[in-house]
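The values are calculated or read from the model by the stated rules, or taken from the named source; none is laboratory data. A quick note: this is a predicted structure, and the numbers were derived from the prediction, not measured. FYI the Cβ positions are ideal-geometry reconstructions off the backbone, even for glycines, and counts take in every protein chain you see. Just so you know, the surface numbers come from the protein's heavy atoms only, side chains and all, with ligands and any DNA or RNA stripped out. Shrake-Rupley method; radii C 1.70, N 1.55, O 1.52, S 1.80 Å.
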Amino acid sequence: MTANPAEILATSLFALAVLHTFSVKRFAHWAHKYPKGSIQENMLHFLAETEVVFGLWAAALFAGIAALKGSVHDAVVYIESLNFTEPKFVLVVMVVAATRPVVKLAESFISFIARLLPMTESLAFYGAALSVGSLLGSFITEPAAMTLLALVLKRRYFDRGISLKLAYATLGLLFVNVSIGGTLTHFAAPPVLMVAAKWEWDTLFMLTHFGWRAAASCFVSTALVALVFRKELQGIKPAPNPSAVIPIWLTLAHLGFLAAVVGFAHHPDVFFGVFMIFLGLVTATREYQDNLKLREGLLVGFFLAGLVTLGSLQSWWLKPLIEGMNGATLYFGATGLTALTDNAALTYLGSLVEGITPDLQYALVAGAVTGGGLTVIANAPNPAGVGILQNAKAFGNEGISPLGLFVGALPPTAIAVVFFWLVG
């Protein structure tokens with residue numbers, strides 16, 4: 001493996017960004033040692049925001065490339081050579097999906113499923129949201145599903161005084177289930193989208209090879225977590241949405257805009273135009289709207305843009321590593337590597353390997369989605385979930401711990417391994 005100076009710099013900064021991600025709780029702790037409102041406190045709180053981490057280190061890469069090349073123009077050329085469609089899409093779809101009409105409709109659907117289950121409302125809703133709700137990502141895209149579920153779960157559980165153990169178990173379950181829940185179709189999960197066209201995978205292929213495994217894993221994982229915490233979940237009082245009735249036409253309009261954004265997901269100039277018109281509708285119907293999640297969406301987009309900027313120069317070591325694996329080694333290697341880099345980037349690099357067999361193709365993608373819940377950077381929708389849940393009461397003043405997420409995601413990840421690799 002040989003690398004040029006820019007690639008070595010990018011890999012070094014990428015490693016520092018990963019370390020920074022796992023240290024955000026420490027920055028938050030340090031911030032409390034300084035007077036409230038002071039420059040030191042504000043700066044440390046800024047560094048403790050998970051969503052800004054990769055963007056900050058990407059800025060350092062920009063400056064580093066300019067220094068190495070002796071030209072700011074060369075750094076600009078590098079940035080302009082990258083594809084930032086996914087960060088832009090996640091920003092827009094997150095804001096559209098987080099509006100009151102869409103969230104209320106999703107909550108009503110989950111409540112309908114929950115009423116069919118013979119158990120208390122809080123326990124039944126929890127089970128329906130984290131199993132059936134996660135599979136919605138196969139149709140409305142994973143970022144939209146993550147946004148909807150995080151908002152609903154925050155109000156019903158994370159802000160209702162649940163224990164820290166249940167909070168991290170639920171967070172890990174949510175991230176893993178959303179990662180695998182988008183694999184029923186060929187267009188909704190970023191790691192699948194990266195390879196579907198080249199490897200000629202359609203929705204029928206996804207259903208027969210991935211979809212049923214994903215559904216089974218989501219149901220089993222959710223049932224086990226609900227069983228372990230059943231007493232605590234049963235004790236949570238229902239928290240129905242008290243907002244006013246929303247006109248049907250407005251809900252349908254929001255769904256139309258969401259469908260248009262998803263339909264033009266690969267055309268940022270078009271879906272940003274759709275987004276501008278959508279903002280006009282929201283302004284005109286503000287009595288039925290909550291404040292838009294623009295700050296959260298921008299932070300998540302910044303995070304993913306930083307990940308693209310740093311991740312694009314990692315192929316010098318990732319691609320040879322993938323080429324040297326086979327079978328189970330590739331599956332478990334992809335699962336582990338996903339915790340350290342975005343799973344879509346991983347499958348994209350795998351798609352560049354010529355002559356990769358169908359068995360190895362499956363192993364790469366299955367491993368990538370299996371490990372998609374272990375860290376914030378493992379799957380594109382994860383930063384959206386963190387952005388919404390970071391300030392939930394369950395996590396106190398210091399926010400989400402990357403180590404807590406990792407531990408919480410281990411059990412559902414192990415169950416996903418069983419269905420995606422051990423079950424024939």
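Using just the alpha carbons, could you tell me how many Å³ per residue the convex hull of the stretch 1-83 encloses?
Details: hull volume 9.8 nm³, N = 83.
Per residue, the Cα convex hull of the stretch 1-83 comes to 119 Å³.
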Using only Cα atoms, locate the centre of the stretch 392-424 and the centre of the stretch 319-358, then give the distance between them in Å, rounded to an integer.
-> 21 Å
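Work the Kirkwood hydrodynamic radius out for the stretch 275-410: mean of 1/r over every pair of different alpha-carbon atoms, inverted, in Å.
The answer is 16.9 Å.
Using Cα pairs closer than 8 Å and at least 6 residues apart in sequence, work out the relative contact order for the chain, in percent. Don't skip to the answer; put the middle values down first.
Working: 658 pairs, mean separation 112.8, N = 424.
Reported relative contact order: 27 percent.
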How big is the stretch 258-337 by Rg and Dmax over its Cα atoms, in Å?
-> 19.5, 58
Distance in Å, no decimals, from the C-alpha centre of the stretch 57-120 to the one of the stretch 166-201 is 15 Å
For the chain, with a Gaussian network of springs between Cα atoms less than 10 Å apart, report the residue from V308, V152, V245 with the top mean-square fluctuation.
-> V245
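Averaged per residue, what accessible surface does the chain expose to a 1.4 Å probe, in Å²?
Working: 17660 Å² over 424 residues.
Here the per-residue accessible area is 42 Å².
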Please go through the residue pairs K69/K198; K36/K237; K88/K231; K165/K293 and name each one whose alpha carbons sit more than 32 Å apart in this structure.
-> K69/K198; K36/K237; K88/K231
Return, ordered by residue number, the residues of the stretch 5-33 whose backbone nitrogen is under 20 Å from a label point located 7 Å along Cα→Cβ of W317.
-> 5-23
Could you tell me what percent of the accessible area of the stretch 319-424 is made up of carbon and sulfur, with a 1.4 Å probe and every protein chain present?
-> 65 percent
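Using just the helices of the chain, give the 222 nm mean residue ellipticity in deg cm²/dmol: DSSP H runs with n ≥ 4 each add -39,500 (n - 2.57), and the total is spread over all residues, rounded to 500.
Details: 24 runs with 291 residues, N = 424.
Rounded to the nearest 500, it is -21500 deg cm²/dmol.
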Rounded to the nearest 0.05, what FRET efficiency do K198 and V72 have when you use their Cβ-Cβ distance and R0 = 51 Å?
-> 0.90
Express in nm, to one decimal, how much length is gained between V353 and A3 on full extension, taking 0.36 nm for each residue of separation and deducting their alpha carbon distance.
-> 124.2 nm
Overall dimensions of the stretch 110-188 as given by Cα atoms, namely Rg and Dmax in Å | 12.4, 38
Tell me, what are the semi-axes, in whole angstrom and largest first, of the equivalent ellipsoid of the stretch 101-252 as set by the roots of 5 times the Cα gyration tensor eigenvalues?
-> 27, 19, 13
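Could you tell me the relative contact order of the stretch 341-424? Use alpha-carbon pairs under 8 Å, at least six residues apart, and round to a whole percent.
Relative contact order of the stretch 341-424: 31 percent.
Using a Förster distance of 35 Å, how high is the FRET efficiency between L252 and L298, based on the Cβ-Cβ distance and rounded to 0.05?
Working: r = 27 Å, r/R0 = 0.78.
After rounding to 0.05, the efficiency reads 0.80.
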N397 versus H266: modelled label distance in nm, points set 7 Å from Cα along the beta carbon direction = 4.9 nm
